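S.K.: Before I ask anything, let me first share the structure, which is written out below as structure tokens.
No lab work stands behind these numbers, since they all come straight from the coordinates. Keep in mind it's a predicted model, so treat the numbers as computed, not measured. Heads up, the Cβs are rebuilt from the backbone with ideal geometry, glycines too, and the neighbour counts pull from every protein chain shown.
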Amino acid sequence: MSDADSGKRRGLPGIDAVICGTAVVMERACGKEGCRCLRGHKHKSVYISQYHKGAGRMVYIPKGNEKSVLRLVKNYRILKSAMREASEVNMARFTAGRKKAKA
Ligand SMILES: [Zn+2]
């Protein structure tokens, strides 16, 4: 078993199958007369909130892409926590036996 396979074995998503950001569901009224949104059934749209070139932004996701995008956002969270875990394990591995530096 090689390091390259370890991710696949654990069923992790591919490193390129991600969208880093947070999915936000926005509700709005379209303003059309007689539309159900005026009676409380607002239109729901999915946006991705993310940092891009140092600034926050909200990007609208077209209806047909919502499912795919939400999956990729979830993948990002899965990979991020897997990387954190791996980092902890590796830190322990490479710092074993050393006294913790005291501040
Ligand atoms: Zn409406």
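S.K.: On average, how much area does the Cα convex hull of segment 7-93 cover when viewed from any direction, in nm²?
M.R.: 8.4
S.K.: Calculated FRET efficiency, Cys37 and Thr95, Cβ-Cβ r, R0 35 Å, to nearest 0.05?
M.R.: Computed FRET efficiency for Cys37 and Thr95: 0.05.
S.K.: Exceeding 23 Å between C-alpha atoms, which entries from my cross-link table qualify? They are Lys44/Lys67; Lys44/Lys80; Lys42/Lys63; Lys42/Lys80; Lys32/Lys74.
M.R.: Pairs exceeding the cut-off: Lys44/Lys80; Lys42/Lys80; Lys32/Lys74.
S.K.: Continuing with the same structure: Post the alpha-carbon centroid distance, segment 65-90 to segment 10-32, in whole angstrom.
M.R.: A separation of 12 Å, based on Cα centres.
S.K.: Now for a different question. Out of residues 5 or more away from Val18 or on other chains, whose amide H comes under 5 Å of its own, with H placed 1.01 Å from N in the peptide plane?
M.R.: HN-HN under 5 Å from Val18: empty list.
S.K.: Could I have the simple spin-label model distance between Lys67 and Ser45, label points 7 Å from Cα toward Cβ, reported in nm to one decimal?
M.R.: The answer from the label model is 2.2 nm.
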